[in-house]
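The values are calculated or read from the model by the stated rules, or taken from the named source; none is laboratory data. In this text the structure is predicted, and so the values were computed from the model without any measurement. Using ideal geometry, Cβ is built from the backbone for each residue, glycine included, and neighbour counts are taken over all protein chains shown. With ligands, DNA and RNA removed, areas are computed over all heavy atoms of the protein, side chains included. Shrake-Rupley method; radii C 1.70, N 1.55, O 1.52, S 1.80 Å.
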Amino acid sequence: MRRKLVAGNWKLNLGPAAAAKLARQVALGVPGLDRPPEVLVCPPYVSIPAVAAVLKDSAVRLGAQNCAVEDAGAFTGEVSAPMLAEAGATHVIVAHSERRTHQRETDDDFVRKIDRAHAAGLTAVFCYGERLEERRAGRERDVVRAQLAAVLPRLASPAPANLVLAYEPVWAIGTGETATPEQAQEIHAFSRGIVGELLGNDAAARMRILYGGSMKPDNAVELMRQPDIDGGLIGGASLKAEDFLAIVRGAI
Ligand code: 13P
């Protein structure tokens, strides 16, 4: 049985003080739950030490939103996976559509980043998903297959223990438009089949696949009730403790 994972991607929001405050609220809200899912928050780099201090003795895990393709060297402005691990992170998001678009990151970058993350002992959360025009053209399955096939088989050590997938249809991110539970389940089941082809059936059965894209308290339960949806990667609604904890409570 796959344990659900509810992850907050805080994106470019919350400096150290505000991030520590939200992390404290989340950490206080989780232990009261009966069967809590795994819970993860991903602040901006600069807020990681402050959040790590707050979460030190809590069940809430800490992730970064990106890492460098190298561990160290002349790469101005970069932050590496070993540094993130030293700062207290256990996870790192890779290949978010915003980085695919704004930073023009490529499949080669994702392979290198995930391998660096694994070597540092981090779990990678690998994002993929089609754009609006691709869905309109009926190409979502082709896009999903291509994005997964371009990365997963090239990784040095891909395994359900160190890799989580996050299906994030780009047209649903920050738009208020969510994939219906049926639309999401269809692609999740399809993705699991691809993982089976690429990494084997055992890995496919154990790999967690999160849904991301306008997940809110009022749609989270239905989405996460689908058999192949193993949790959520939440942007906007993760910035309010009350909303994020409501989604956490819905992850059964
Ligand atoms: P929203 O929940 O704001 O749509 O963002 C989803 C997302 O991109 C999470 O990584």
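What to note about this one:
- Along principal axes, Cα extents of region 1-62, largest first, whole Å: 35, 19, 14
- Given +1 at the Cβ of Lys and Arg, -1 at the Cβ of Asp and Glu and no other charges, the dipole of region 58-140 around its Cα centre is 280 debye to the nearest 20.
- Gain upon complete extension [residue 159, residue 242; 0.36 nm per residue less C-alpha separation]: 26.6 nm
- Nearest-20 debye value, region 1-146 charge dipole, Cβ charges on Lys, Arg, Asp, Glu: 560 debye
- For residue 194, the solvent-accessible surface with a 1.4 Å probe is about 0 Å², rounded to the nearest 10.
- For residue 79, the residues whose modelled amide H falls within less than 5 Å of its own, excluding neighbours fewer than 5 places apart on the same chain, are 68.
- Three-way shape call for region 84-243 based on the alpha-carbon gyration tensor, with the a/c threshold at 1.5: rounded
- Accessible area in the full protein assembly, largest first, 1.4 Å probe, for 141, 35: 35, 141
- Charge dipole (debye, nearest 20) of the chain; +1 at Cβ of Lys and Arg, -1 at Cβ of Asp and Glu: 400 debye
- For the pair residue 136 and residue 108, a Förster radius of 41 Å applied to the C-beta separation gives a FRET efficiency near 0.90, rounded to the nearest 0.05.
- Between residue 125 and 92, 93, 94, 164, the built amide H atoms are under 5 Å apart, and every one of these is 5 or more places off in sequence or on another chain.
- In order along region 87-93, the phi-based Karplus estimate (6.51 cos²θ - 1.76 cosθ + 1.60, θ = phi - 60°) of 3J(HN,Hα) comes to 7, x, 6, 10, 9, 8, 7 Hz; Gly and Pro are listed as x.
- With contributions of -39500 (n - 2.57) from each DSSP H run of at least four residues, the per-residue ellipticity at 222 nm computed over the chain stands at -12000 deg cm²/dmol.
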